[in-house]
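Single-structure report; data block below.
The values are calculated or read from the model by the stated rules, or taken from the named source; none is laboratory data. This is a predicted model, so every value here is computed, not measured. Glycine also receives a Cβ, built like all others from the backbone with ideal geometry; neighbour counts cover every protein chain displayed.
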Amino acid sequence: AGYGMIKVETRGKVGLITLDRPAALNALCDQLMTELGQALRAFDTEAAVGAIVLTGSEKAFAAGADIKEMKDRTYPAVHFEDFIGNKWETVLTIKKPVIAAVAGFALGGGCELAMMCDIIIAAETAKFGQPEIRLGIIPGAGGSQRLIRAVGKSKAMDMILTGRMMDAAEAERSNLVTRVVPAESLVEEALKMGEAIAAFSQPSVAMAKEAVNAAHELSLKEGVRLERRLFHSLFATEDQKEGMSAFAEKRKPAFRNA
Ligand code: HXC
């Protein structure tokens, strides 16, 4: 409610957030990131929503952090306000799966925002890049750490040191995105994926997401230990009983997120 730079709607069990700052190709200014954080948190606590889709326009998912807003900031200012850290990482705190549906430019902070989501689906028109080097800076929202985990060192260095863009086909080949779809069906396909996820038991979905994301942070042994703990804990849910009983009784499960 009352958002100026994003549009927010619910489609079935999926929360849809559309970045909507067309005059600046969805450049991620302070206001936009504040609104995005509020919308993500609102969907995360809305019981009827089981997954979230984040998208932009046909021309741009987001062309980066807002360069004009950043250009006069000083070192002490960005340091003490924790520029990026204090607003951008809300998406990492969301428990429900967040699917980035990317068409057009996903550059700099736009690419980093997509990589903070759990899954990226790309339109054939998508172009990913970390062009910060051209501005005399480097990625600041995790790009240097997340891109290498997705595509490996050589390609991550290539992207970050040359600032070149990668098209959708290369992004799929490089495992940056799960799949590429025609631009006109991008949002529909992302919503379909969201709906499929939202049909499952929310506790199991949240724990699956947590376990997979933890693989980037933990050793294999600690990661497996976490997975085992989360796995065991699901036996405390009614939905585990329902899911397994339904299988044994040859019927569809009716999950209650309990
Ligand atoms: C502010 C931006 C912007 C940005 C585009 N615009 N990107 N404004 N910040 N990141 C504005 C333009 O100034 C222009 O405004 C309008 O959007 C349309 O853009 P054009 O350049 O005219 O469009 P086009 O010729 O189609 O070129 C598209 C483009 C180019 C290739 C994507 O806009 C571009 O190179 N943008 C910057 C990409 C970039 O460097 N991103 C990284 C930012 S740094 P006017 O008013 O002139 O019409 C970053 C740091 C991350 O993200 C660190 C932590 C998050």
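Of all the residues in segment 16-60, those that are surrounded by 17 or more Cβ atoms within 10 Å (Cβ to Cβ), under 19 Å from P97 (Cα atoms), in contact (Cβ under 8 Å) with a residue 40 or more places away in the chain and of a type outside the set (S, T, Y) number 15. Cβ separations smaller than 6 Å between residues 6+ apart or across chains give the following pairs from segment 160-171 residues that are closer than 18 Å to A141 by Cβ and of a type outside the set (A, V, I, L, M) to residues that are within 16 Å of the ligand (Cβ to nearest atom) and modelled with pLDDT of 95 or more: G163/P131; G163/I133; G163/R134. Of all residues in segment 21-67, those satisfying the criterion of being in a loop (DSSP other than H, G, I, E, B), more than 11 Å from the ligand (Cβ to nearest atom) and either of a type in the set (K, R) or under 28 Å from R134 (Cα atoms) (or both) are G56, S57, E58.
Listed by position, the helices (runs of 4 or more DSSP H) inside segment 146-258 whose residues that are modelled with pLDDT under 95 number at least 3 form an empty set. Of all the residues in segment 100-130, those that are crowded, with 24+ Cβ neighbours inside 10 Å, in contact with a Phe, Trp or Tyr (Cβ under 9 Å, 6 or more places away or on another chain) and in a loop (DSSP other than H, G, I, E, B) number 2.
Residues in segment 173-190 that are in contact (Cβ under 8 Å) with a residue 12 or more places away in the chain and surrounded by fewer than 17 Cβ atoms within 10 Å (Cβ to Cβ) were compared, and the one that is nearest to the ligand (Cβ to nearest atom) is A183.
So in segment 61-86, with the set limited to residues that are under 26 Å from L186 (Cβ atoms) and of a type outside the set (A, V, I, L, M), which one is surrounded by the fewest Cβ atoms within 10 Å (Cβ to Cβ)? The qualifying residue surrounded by the fewest Cβ atoms within 10 Å (Cβ to Cβ) is D66.
Return the residues of segment 133-162 that are more than 10 Å from the ligand (Cβ to nearest atom), buried (at least 19 other Cβ atoms within 10 Å of the Cβ) and small (G, A, S); say none if nothing qualifies. The one that is more than 10 Å from the ligand (Cβ to nearest atom), buried (at least 19 other Cβ atoms within 10 Å of the Cβ) and small (G, A, S): A156. Please verify whether E9 is farther than 20 Å from F128 by Cα, touching a Gly at 6+ places or on another chain (Cβ under 9 Å) and loosely packed, with under 13 Cβ neighbours inside 10 Å, treating the condition exactly as stated. Judged against the criteria, E9 is a match. Is at least one residue of segment 79-99 under 26 Å from A183 (Cβ atoms) and in a helix (DSSP H, G or I)? Checked against the condition, which is being under 26 Å from A183 (Cβ atoms) and in a helix (DSSP H, G or I), segment 79-99 yields at least one hit. Tell me, please, whether a residue that is more than 30 Å from A196 (Cβ to Cβ) and β-branched (V, I, T) can be found in segment 3-15. Looking through segment 3-15, none of the residues is more than 30 Å from A196 (Cβ to Cβ) and β-branched (V, I, T). Only a single item in (1) at pLDDT 95 or above; (2) of a type outside the set (S, T, N, Q); (3) out of contact with any helix residue (DSSP H, G or I) (no Cβ under 7 Å at 6 or more places or on another chain); (4) farther than 22 Å from G140 by Cβ is not met by G2, and it is number (1).
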